[in-house]
Amino acid sequence: MAANDHAEVVLLDLWASPFGQRVRIALEEKGVEYEYMEQDMINKSTLLIESNPVYKKIPVLIHHGKPVCESLVIVQYIDEVWSHKAPLLPGEPFARAQARFWADFIDKKIYECTTRLWKCKGEALEEAKKDFMEIVKTLEVELGDKTFFNGDTFGFVDVALVPFFGRFNAYEKIANFNIEKECPKIVAWGRRCMHRDSVSKILPDDQKIYEFLLMLRKYLGVE
Amino acid sequence: MASDDVKLIGAWASPYVMRPRIALNLKGVEYEFLEEKFGSKSELLLKSNPVYKKIPVLLHGGKPICESLIIVQYIDEAWSGHSILPSDPYHRAVARFWGHYIDDKWFPALTGISRAPTDEAKKEAIEQVFAGLKFLEEVLEKSGAGKPFFGGDTIGYIDIALGSHLGWLRATEKLSGLTYLDESKTPLLVCWAEKFSAHEAVKCAMPETDKLVEFAQMLKAKFSAYIDALSPSITLFSSLNYICSL
């Protein structure tokens, strides 16, 4: 399937992907119209393979026919191209470096650990829960009493993290633990983010995500 | 003035530390290099990078910036002069993508060769390294358009991200007998490697291949009980793993 020739901005994505959600939230924040193309990750499309030959993964943003890959690279690209509205990265170099550092920390730590939360059982699950709480507590210290990670405005680090907040309920149900009890500030932050149109529009229903992760568990033979 | 005070915490053998050194040199920024003592982490490092406790850390006016490619971007934005990242958003995205690829896939494949549990896995890791170099050869061809560097006429972000690994790549080739930068496979990269290494901003920061080989042998002697069974090339990769954990 070829991308619509008339669409200036095309997004190759998967509804449930937290990485894809980052990109969609950024596009919503900027008010950018785009054509969404849901991908089949088992029978990958020619367009996906040609647009991302290195990883063959989503999300891929195709702008004027040119592909941009890797979610945080895409979000920075969106921020720089549509710079007139809702800046996601701060203006000052040190603050920008801090934002990049924490988004990178989230990339390095959160995905791998949260995958273990829904994939593992027994001792491995207990370890995953311990690791997860440590990571979230580190983020909570960084957030402090700020409204968002950068201060008063919703930005790059919030975009990087919030799709994972969207899965907290599902993780709690599957792994049987309570995140808010140990990290109330992060949960409060997540709820503040959910009040933003961009976030509430893009993040799927808790129940849908829970069922999706259960389906993946079954598919991978975890039960 | 405090805001002009620039320090870099690092170690001579670390490819990641080389990156901000090259960037600072390109910008003509004077800085104090604080070499970490082998085998221990200083109070300053632990205080400046509490999350990872790793080098490099740039201290600008006392404020710490961590993670090598994030530091490079910071240097590019904080000081004017030589542009490290391209000005066009699309080309910036391409540069960031390849920087990420080098750190996320290519370099782990390189160091993964020593950790491969089977011959099959080792073969796969080696193939991944060559496949990565092939991708990068194509990038150089496309973005270079006959120019010497990924950044065109001058050193840019991808040059720094990849070039910082040349020292250890050469040291590995010397000891293992396996040629990674092969003229018959990636001729542009071979040419690029020479030009990059000879650049004013790189020469003083690039560790000598023989010194890296010596360092790896020293590490092997120190931890000989642990790595006795490993072949020379594997020893080097283990050393590299060790360096990158600093």
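A quick yes/no check of all residues on (1) touching a strand residue (DSSP E or B) at 6+ places or on another chain (Cβ under 7 Å); (2) within 19 Å of A:ARG100 (Cα to Cα); (3) free of Cβ contacts under 8 Å to residues at least 60 places away in the same chain:
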site: A:LEU143; (1), (2), (3): no, yes, yes
site: A:PHE164; (1), (2), (3): no, yes, no
site: A:ALA188; (1), (2), (3): no, no, yes
site: A:MET194; (1), (2), (3): no, no, yes
site: A:LEU203; (1), (2), (3): no, no, no
site: A:ASP206; (1), (2), (3): no, no, yes
site: A:VAL222; (1), (2), (3): no, no, no
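Condition check: under 26 Å from A:GLU70 (Cβ atoms), small (Gly, Ala, Ser) and out of contact with any strand residue (DSSP E or B) (no Cβ under 8 Å at 6 or more places or on another chain). Does B:GLY177 satisfy that? No: the conditions fail for B:GLY177. Filtering the range A:85-114 to residues that are among the polar types (S, T, N, Q) and under 17 Å from A:PHE148 (Cβ atoms) leaves only A:GLN98. Here A:ASP104 clears all of (1) under 30 Å from A:PHE212 (Cα atoms); (2) crowded, with 22+ Cβ neighbours inside 10 Å except the condition numbered (2). Once the range A:120-141 is narrowed to residues that are in contact (Cβ under 8 Å) with a residue 12 or more places away in the chain and of a type in the set (A, V, I, L, M), the residue that is farthest from A:SER83 (Cα to Cα) is A:LEU125. Does any residue of the range B:169-179 turn out to be outside any helix (DSSP H, G or I) and closer than 20 Å to B:GLU200 by Cβ? Checked the range B:169-179: no residue is outside any helix (DSSP H, G or I) and closer than 20 Å to B:GLU200 by Cβ. Within the range B:194-225, being of a type outside the set (S, T, N, Q), within 21 Å of B:LYS27 (Cα to Cα) and in a helix (DSSP H, G or I) holds for B:LYS195, B:PHE196, B:ALA198, B:GLU200, B:ALA201, B:VAL202, B:LYS203. Scanning the range B:37-61 for residues being over 18 Å from A:ALA99 (Cα atoms) and surrounded by fewer than 21 Cβ atoms within 10 Å (Cβ to Cβ) gives a total of 13.
Exactly one residue out of B:MET218, B:MET206 is modelled with pLDDT of 75 or more and exposed (fewer than 15 other Cβ atoms within 10 Å of the Cβ): that is B:MET218. Please verify whether the range B:106-115 includes one or more residues that are of a type outside the set (Gly, Ala, Ser) and within 11 Å of chain A (Cβ to nearest Cβ). Yes: the range B:106-115 contains one or more residues that are of a type outside the set (Gly, Ala, Ser) and within 11 Å of chain A (Cβ to nearest Cβ). The condition of being outside the structural domain of B:TYR31 (by TED's automatic domain parsing), crowded, with 20+ Cβ neighbours inside 10 Å, touching a strand residue (DSSP E or B) at 6+ places or on another chain (Cβ under 8 Å) and over 25 Å from A:LYS57 (Cα atoms) holds for only one of B:GLY156, B:GLY163, B:GLY167, that being B:GLY156.
Inspection of the range B:3-21 identifies no residue that is crowded, with 18+ Cβ neighbours inside 10 Å, among the small types (Gly, Ala, Ser), at pLDDT 95 or above and farther than 25 Å from B:PHE107 by Cα. Of the candidates A:VAL54, A:VAL73, A:VAL68, A:VAL23, the single residue that is under 24 Å from B:PRO86 (Cα atoms), more than 18 Å from the chain's Cα centre (by Cα) and either modelled with pLDDT of 95 or more or not assigned by TED's automatic domain parsing to the domain that holds A:VAL136 (or both) is A:VAL54. Could you list, in sequence order, the residues of the range B:17-58 that are in a loop (DSSP other than H, G, I, E, B) and among the β-branched types (Val, Ile, Thr)? Correct list: B:VAL29, B:VAL51, B:ILE55. Scan the range A:43-55 for residues that are more than 12 Å from every other protein chain (Cβ to nearest Cβ) and assigned to a loop (DSSP other than H, G, I, E, B) and the total you get is 3.
Could you please find all residues in the range A:56-82 being at the interface with chain B (Cβ under 9 Å from one of its Cβ atoms), without any contact (Cβ under 8 Å) to a residue 40 or more places away in the chain and assigned to a loop (DSSP other than H, G, I, E, B)? Once the filter is applied, which keeps residues that are at the interface with chain B (Cβ under 9 Å from one of its Cβ atoms), without any contact (Cβ under 8 Å) to a residue 40 or more places away in the chain and assigned to a loop (DSSP other than H, G, I, E, B), the range A:56-82 yields only A:GLU70. Can A:PHE132 be described as more than 14 Å from every other protein chain (Cβ to nearest Cβ), in contact with a Cys (Cβ under 9 Å, 6 or more places away or on another chain), within 23 Å of A:PHE177 (Cα to Cα) and not small (Gly, Ala, Ser)? So A:PHE132 fits the description; yes.
Out of A:ASN52, A:ASN43, one residue alone is out of contact with any His (no Cβ under 9 Å at 6 or more places or on another chain) and crowded, with 16+ Cβ neighbours inside 10 Å. It is A:ASN52.
Identify all residues within the range B:59-105 that are assigned to a strand (DSSP E or B), aliphatic (A, V, I, L, M) and facing another protein chain (nearest Cβ under 9 Å); write none if there are none. Within the range B:59-105, just B:ILE65 meets the criteria. Would you say A:TRP118 is modelled with pLDDT under 95 and either over 19 Å from the mean Cα position of the chain (by Cα) or more than 12 Å from chain B (Cβ to nearest Cβ) (or both)? Yes; evaluated as a whole, the condition is true for this residue.
The values are calculated or read from the model by the stated rules, or taken from the named source; none is laboratory data. Just so it is clear, the structure is predicted and the values come from calculations on it, not from any experiment. Heads up, the Cβs are rebuilt from the backbone with ideal geometry, glycines too, and the neighbour counts pull from every protein chain shown.
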